[in-house]
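Just below is one structure, and these are the notes that go with it.
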Amino acid sequence: MATGLNQKWVTDVTEFHLFGEKLYLSPMMDLGTREIIAYTMSDRPTYGFVGAMLDQAISKLDGKA
């Protein structure tokens, strides 16, 4: 449980099957606000797409720490 902003983040990679194709979603949620703070989608579950999501989330911290 988080009691404030940016104390705990959680993420997951979810696979969707759409029109015979696979799509992967990687969101990052802030448990303090329950908001999705970053996400990426890809047709392959690679480190690159998860890393891009993490870079998005970390860039939101710039100037807020």
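The set of residues in the range 26-59 that are of a type in the set (D, E, K, R) and surrounded by fewer than 16 Cβ atoms within 10 Å (Cβ to Cβ) comprises ARG34, GLU35, ASP43, ARG44, ASP55. If you filter the range 1-35 down to residues that are more than 11 Å from the chain's Cα centre (by Cα) and among the aliphatic types (A, V, I, L, M), you find that the one that is nearest to LEU61 (Cα to Cα) is LEU5.
Taking the range 12-54 and the strands (runs of 3 or more DSSP E) fully enclosed by it, the elements with 1 or more residues that are under 18 Å from ALA2 (Cα atoms) and out of contact with any Gly (no Cβ under 9 Å at 6 or more places or on another chain) are at 21-30, 35-42. Filtering the range 3-25 to residues that are hydroxyl-bearing (Ser, Thr, Tyr) and surrounded by 14 or more Cβ atoms within 10 Å (Cβ to Cβ) leaves THR11, TYR24.
Read-outs: derived from the displayed coordinates by stated rules, not from any lab. Note that this is a predicted model, so its numbers are computed, not measured. Quick reminder, even Gly has a Cβ in these numbers, built from the backbone with ideal geometry, and neighbours come from all protein chains shown.
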